[in-house]
Amino acid sequence: MTQAHRIVAIIVAAGTGVRAGGSVPKQYARIAGRPMVAYSYDAFSTHPAIAETIVIIGEGQQALAAESLGSSVRTVIGGTTRRESVANGLAAITDATHVLVHDAARPFLSAEVIDSLVLALKTRDAAIPVLPVTDTLARGTVLLGDIVPRADLNRVQTPQAFSVEALRAAHAVWLGDEEATDDAQMVRRLGVGVALVQGSAMLEKVTHPEDFAAAEARVAYETRTAMGFDVHRLETGEELWLGGVLVPHDKGLSGHSDADVALHALTDALLGTIAAGDIGTHFPPSDPQWKGADSAQFLQHAAKLIADKRGRIDFVDLTIMCEAPKIGPHRAAMTARIAELLGLTLDRVSVKATTTERLGFTGRGEGIAAQAVATVRVPGAPA
């Protein structure tokens with residue numbers, strides 16, 4: 001983007017969101033585990049045509065904005081109305097030629113909509129995304145009145161795109177005691193033609209509590225499955241930890257940590273679902289701090305990495321391979337412990353056991369092996 005044509009995005013996120021309910025303003029409420037404002041912020045900040053993204057926030061929302069978007073995000077304190085908030089954002093722009101103004105309550109902004117607006121700005125001073133009205137429209141409150149022709153009616157969305165000069169001029173002459181429904185109407189009253197581009201059904205506004213469920217349903221989840229496998233040697237004098245449970249036995253597993261072969265296999269399976277390497281990548285056996293460590297922390301670390309990506313663990317399946325000890329008497333305890341560590345219900349954790357018919361190192365009682373499979377869902381782009 002050259003200096004001659006520099007586009008800045010403004011996200012209006014200064015409201016209190018009282019109609020949506022909840023403990024935080026709606027723009028910071030979570031959709032699929034992610035603050036609503038983060039969706040449009042990422043859409044702008046990753047688009048090559050947008051040079052900078054400014055978020056307009058309410059007084060006292062600085063900590064919420066930093067938590068939701070990171071400490072490096074540029075914020076501006078808004079006003080008591082949407083119009084005043086946009087004006088404050090405009091005042092913070094110093095070297096842009098064009099601006100896109102967007103409502104945080106429309107989270108699922110696509111690159112295609114931004115592309116269309118940027119293209120329109122090459123020949124126009126203003127452009128907005130719209131969708132044609134498809135429902136039958138009628139007048140009336142108690143009784144049905146006349147039908148309103150819908151042939152040229154549109155639903156107006158954001159982001160709305162303007163030359164900075166045109167939008168500043170519109171704000172400068174707007175009467176202070178009159179509120180505008182949006183910036184496009186302000187610019188239009190100034191005599192500037194506003195181009196219409198194709199909007200998106202994904203840009204539905206989130207206003208009421210029930211809207212959050214609909215927004216959640218729009219997030220596409222990608223299902224991923226990965227496998228983990230581990231082996232440890234049985235030795236006299238060691239404790240035997242399996243599936244997070246101390247199992248009575250005349251031998252225990254040898255390893256740098258507590259050598260819980262079951263939890264190690266599960267950890268690798270979970271790490272695999274997000275392509276995050278293996279357990280040795282995160283907890284090197286050469287590092288003395290992990291000597292004798294509780295493997296539960298390894299498993300919870302993998303689960304946290306998935307949560308950080310807004311993923312959800314759907315199911316884990318574990319198979320322990322050994323001749324002795326018998327796993328059956330301890331299966332319920334292992335299932336409960338793994339479920340506790342991962343925050344899952346018991347029916348989402350499967351623990352099985354098998355022998356190798358006295359074949360190989362497990363058959364000879366030299367060690368224990370474990371194989372695990374994990375299935376998770378990771379949110380991708382809106383559906």
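The values are calculated or read from the model by the stated rules, or taken from the named source; none is laboratory data. A quick note: this is a predicted structure, and the numbers were derived from the prediction, not measured. Here the Cβ is made from the backbone with ideal geometry for all residues, glycine too, and neighbour counts use every protein chain on show.
For region 217-251, what are the residues that are within 21 Å of Lys291 (Cα to Cα) and in a loop (DSSP other than H, G, I, E, B)? Within region 217-251, Gly237, Glu238, Glu239, Leu240, Gly243, Gly244, Val247 qualify. All conditions in (1) in contact with a Ser or Thr (Cβ under 9 Å, 6 or more places away or on another chain); (2) touching a residue at least 40 places away in the same chain (Cβ under 8 Å) hold for Thr356, with the sole exception of (2).
Of the strands (runs of 3 or more DSSP E) lying entirely inside region 270-383, those carrying at least 1 residues that are under 24 Å from the mean Cα position of the chain (by Cα) and not polar (S, T, N, Q) are 312-321, 367-382. Looking across Arg82, Arg106, one residue alone is out of contact with any strand residue (DSSP E or B) (no Cβ under 9 Å at 6 or more places or on another chain), touching a residue at least 40 places away in the same chain (Cβ under 8 Å) and in the same structural domain as Val37 (by TED's automatic domain parsing). It is Arg106. Summed over region 42-67, residues that are of a type in the set (Ser, Thr, Tyr) and either surrounded by 13 or more Cβ atoms within 10 Å (Cβ to Cβ) or in contact with a Gly (Cβ under 7 Å, 6 or more places away or on another chain) (or both) total 2. For the subset of region 142-192 comprising residues that are among the polar types (S, T, N, Q) and at pLDDT 90 or above, which member is farthest from Ala87 (Cα to Cα)? If we take residues in region 142-192 being among the polar types (S, T, N, Q) and at pLDDT 90 or above, then Asn154 is farthest from Ala87 (Cα to Cα).
Of all residues in region 152-178, those that are under 13 Å from Ile7 (Cα atoms) and in the same structural domain as Thr97 (by TED's automatic domain parsing) have Cβ atoms under 6 Å from Cβ atoms of residues that are of a type in the set (D, E, K, R) and assigned to a helix (DSSP H, G or I), 6 or more apart or on another chain, in Gln160/Asp183. When Ser295 is tested against (1) among the polar types (S, T, N, Q); (2) surrounded by 17 or more Cβ atoms within 10 Å (Cβ to Cβ); (3) over 18 Å from Asp260 (Cβ atoms), exactly one condition is not met: (3).
If you go through region 238-264 and pick out every residue that is over 17 Å from Pro329 (Cβ atoms) and out of contact with any Leu (no Cβ under 7 Å at 6 or more places or on another chain), you end up with 6. When the residues of region 69-79 are filtered to those that are in contact (Cβ under 8 Å) with a residue 12 or more places away in the chain and either of a type in the set (A, V, I, L, M, F, W, C) or surrounded by fewer than 23 Cβ atoms within 10 Å (Cβ to Cβ) (or both), the one that is farthest from Gly176 (Cα to Cα) is Leu69.
Being part of a strand (DSSP E or B) and buried (at least 17 other Cβ atoms within 10 Å of the Cβ) is a property that Val187 lacks.
Restricting attention to region 108-143, the residues that are part of a loop (DSSP other than H, G, I, E, B), under 19 Å from Asp42 (Cα atoms) and of a type in the set (Ser, Thr, Tyr) add up to 1. For region 76-114, the set of residues classified as among the β-branched types (Val, Ile, Thr) and more than 25 Å from Arg155 (Cβ to Cβ) consists of Val76, Ile77, Thr80, Ile93, Thr94, Thr97, listed by residue number. I'd like to check something: does region 194-216 contain any residue that is in contact (Cβ under 8 Å) with a residue 24 or more places away in the chain, in a loop (DSSP other than H, G, I, E, B), among the small types (Gly, Ala, Ser) and assigned by TED's automatic domain parsing to the domain that holds Ala170? Among the residues of region 194-216, at least one is in contact (Cβ under 8 Å) with a residue 24 or more places away in the chain, in a loop (DSSP other than H, G, I, E, B), among the small types (Gly, Ala, Ser) and assigned by TED's automatic domain parsing to the domain that holds Ala170, which makes the answer yes. Scanning region 31-57 for residues that are acidic (Asp, Glu) and either modelled with pLDDT of 95 or more or not assigned by TED's automatic domain parsing to the domain that holds Thr158 (or both) turns up just one, Glu52. One residue stands out in region 154-167 among those that are within 34 Å of the chain's Cα centre (by Cα) and surrounded by fewer than 18 Cβ atoms within 10 Å (Cβ to Cβ): the one that is farthest from Ala104 (Cα to Cα), namely Asn154.
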